[in-house]
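Where a number appears in this text, it was derived from the coordinates with a stated rule and is not lab data. The structure displayed is predicted, hence computed values, not measured ones. Positions of Cβ are generated from backbone atoms using ideal geometry, with glycine treated the same way; all protein chains shown enter the neighbour counts.
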Amino acid sequence: MRKPLAAIVGAAESTKIGLVPDMSSLGLHADAALNALRDAGLKPHDIDGIACTDANPADVAFYLGIKPDWMDGTNVGGCAPILHLQNAVAAIAAGYCKTVLITHGESGRSRQGAQLRIPNPSDLNGQFDFPFGYNGAITSFTLPAMRYMKECGVSEEKLAKVAVVSREWSAKNSRAFARDPITIDQVLESRMIAYPFRKLMCCLVTDGGGAFIVTSVDRAKDFPKPPVYVQGCASAAESYFTGPAYVGDPLYPELIRRAGKNVFQAAGLKNSDIDHAMIYDAFVHTPLWALEGLGFVKFGEAADFIWDGNTAPNGSLPMNSTGGGLSYTHTGHYGMFAVLESIRQLRGEAEAQVPGVQTSLAFAYGNVLSAVGATILSNVGE
Amino acid sequence: MLKIGPQITPETESFWVGVQNGEFKLQNCKDCSKIFFPPRFFCPSCGDRNVNSFAASGKGVIYSYVINHRPRPDWPDEPYCVAIVELEEGIRLVSNIVNIEQTPDHIQIGMPVKLCFEKISEGIVLPVFEPVDDNVAGRN
């Protein structure tokens, strides 16, 4: 493992997640940020850099009483917090700032002060996808899945298993939105949303916020909690907003393979070095693409890997140990919650704690299959 | 309520005017000869601005699809198929499969389809696809 690039010294979710009708998106940003600041033993004036998903970073900084010297509003969807982390690492190394707060807040379910999501009929998506009946991510993110199932011999039962395993994890997490165990039959009998995807094959729609604080490795030990080290980050893009039709290989997407190669190279690690993973599960098929693209299994093997229990509790690669977007929480842009569980696992603070975790990989998609981000975190350090 | 159509921009005007006239225009690069879509005034492979438009064959196959069951306010009814169509020219794009029952029993991956046109409002026509074989099951 290479020397760490930076350290995460504070992290927290909003006080409540799931159904939070008494808080707006901005309120969720602030609530999570205050919890992360308390976790790090910091006050708002200690922060000199800020990055936010689903909000203008200047707005969030103003609201919290922070006057940042550096900010990042990279807005490429759910993976944005990982891109913010990647950018914060570089900004700290360049000396632009010392202590960066990265926040997410989204009233995805209650729609309190939520960002308007009105399709723009003149952008690429609005001209070349939306007129053909796009109806949210369920009709875009899912588009290549049938072809993948046919070419890789993946049955609906195997897809359903991904949801079943997510409930095995969420049952252990008191803050998870959906905790009741489910069977493959229940998944396949749930309401049809967009064939072949049924309700229990789709992520939740929830409210929630999250935040974490990044600083340099040499300052990391000055904080109350044991540091979580950033070993590598990578981001990649290949298509426009919601455009899986324009990804070169929609079954084995190049942008995932590129981000995987770069994040492992940055960390000086290989797949077998990873103890725990958080892989964005917007729908049951999206972890399959990522497990294959990131190199944990070969193309076409991910469904069997999950079917055989490898990603379940006590499996060889514990994955989505909160229950993920399918069962824990999914505010709309889920990436923050993947990173936060990686941090909790490395601190030994997770509710479904995996014993002996030293490395965790968090991977997220952004705006369907247009962008991705990946990071490898550890608790080993130098 | 009419379906929401594309709002045309200067770079896409030629394409959408072509569609209104019964033509699906692709482009290729005069320098590196790569074919590309959606329309641009330059080649996304080599950056050259010297590009050419030509009428696509309109022949393709269904690469993959879903059948949406959730209502969309501006669409008259569901379920309806949203598909990735792979054109003979190697381009993949999003479209609808029409003149066939919108069920997985009838719409098949790999099924040959051909270009047709759907007028959704005055001045707005969409390029959609229908089965090539007039005798295909579920044809209506």
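Observations on the model:
- For chain A, a simple Cβ point-charge model (Lys and Arg +1, Asp and Glu -1, everything else neutral) yields a dipole of about 240 debye relative to the Cα centre.
- Relative contact order (%) - chain B, alpha-carbon pairs under 8 angstrom, separation at least six: 21 percent
- Fraction of beta bridges assigned by DSSP in chain A that are antiparallel (%, nearest 5): 75 percent
- Loop trypsin sites (Lys or Arg not before Pro), the stretch A:170-231, which have at most 10 other Cβ atoms in a 10 Å radius of their Cβ (DSSP): A:R191
- By the rule of a C-alpha distance below 26 Å, with chain neighbours fewer than 8 residues away ignored, the lysines paired with B:K30 are B:K59.
- Inter-centroid distance (Cα atoms) of the stretch A:201-251 relative to the stretch A:46-87, Å: 13 Å
- Amide hydrogen neighbours beyond the local backbone of A:M278, cut-off 5 Å, H modeled: A:N320, A:L361, A:A362, A:F363
- Computed [θ] at 222 nm, deg cm²/dmol, chain A (DSSP H ≥ 4; -39,500 (n - 2.57); rounded to nearest 500): -9000 deg cm²/dmol
- Helix A:25-40 and the long axis of chain A differ in direction by around 60°, with both axes built from C-alpha atoms.
- Dipole axis of chain A (+1 Lys, Arg; -1 Asp, Glu on Cβ), positive-most option in A:V162, A:V20, A:L116: A:V20
- Under 12 Å, Cβ to Cβ, from A:T183 - net charge with Lys/Arg +1 and Asp/Glu -1: -3
- For B:T12, net neighbour charge (Lys/Arg +1, Asp/Glu -1) across residues whose Cβ lies under 12 Å away: -1
- The charge dipole of the stretch B:57-135, taken about its Cα centre with unit charges on the Cβ atoms of Lys, Arg (+1), Asp and Glu (-1) only, comes to about 220 debye.
- Phi-derived couplings, Karplus 6.51 cos²θ - 1.76 cosθ + 1.60 at θ = phi - 60°, listed residue by residue for the stretch A:148-165: 4, 4, 5, 6, 9, x, 9, 7, 4, 4, 5, 4, 4, 4, 4, 5, 4, 5 Hz, with x used for Gly and Pro.
- Theoretical ellipticity at 222 nm over chain B - DSSP helices of four or more residues, -39500 (n - 2.57) apiece, nearest 500: -1500 deg cm²/dmol
- Within a straight-line Cα-Cα reach of under 19 Å, A:K161 can be paired with the following aspartates and glutamates, leaving aside sequence neighbours fewer than 8 residues apart in one chain: A:E151, A:D180, A:D185, A:E189, A:D281, A:E292, A:E301, A:D304, A:D308.
- 5 angstrom amide H check on B:C116, placed H, neighbours 5+ away: B:V128, B:F129, B:E130
- Phi to ³J(HN,Hα) by Karplus 6.51 cos²θ - 1.76 cosθ + 1.60 over the stretch B:11-16, Hz, x for Gly, Pro: 6, 10, 4, 4, 4, 6
- Positive contributions from Lys and Arg (+1) and negative ones from Asp and Glu (-1), summed over other residues with Cβ under 11 Å from the Cβ of A:P144, come out at +1.
- Helix axis angle, A:80-94 relative to chain A longest principal axis, alpha carbon, degrees: 30 degrees
- Normalised contact order of the stretch B:10-55, rounded percent, pairs of Cα under 8 Å and 6 or more residues apart: 36 percent
- Placed amide H near A:Q358: partners under 5 Å, 5+ positions off or other chain: A:D275
- Normalised contact order of the stretch A:1-66, rounded percent, pairs of Cα under 8 Å and 6 or more residues apart: 32 percent
- What the phi angles of the stretch B:125-133 give under the Karplus curve with 6.51, -1.76 and 1.60, with θ = phi - 60°, is a coupling list of 10, 10, x, 10, 10, 9, x, 6, 7 Hz, glycine and proline written as x.
- Reach of A:K3 by Cα under 25 Å, taken over lysines that are not fewer than 8 positions away in the same chain: A:K98, A:K221, A:K225, A:K261, A:K270
- Against the main long axis of the alpha-carbon atoms of chain A, helix A:254-267 sits at an angle near 40°.
- Positive-end ranking of A:S327, A:A312, A:A277 along the dipole of the stretch A:259-382, with charges on Cβ about the Cα centre, is headed by A:A277.
- Rounded Å value of the spacing that divides the Cα centres of the stretch A:300-349 and the stretch B:44-96: 33 Å
- Sparse packing (at most 12 other Cβ atoms within 10 Å of the Cβ) combined with a DSSP loop state is found for the following trypsin sites (Lys or Arg not before Pro) in the stretch A:264-366: A:K270, A:K298.
- In the stretch B:1-72, GluC sites (Glu not before Pro) in a DSSP loop with at most 14 other beta-carbon atoms within 10 Å: B:E11
- Averaged over the residues of peptide A:137-149, the number of Cβ atoms from other protein chains lying within 10 Å of each residue's Cβ is 5.
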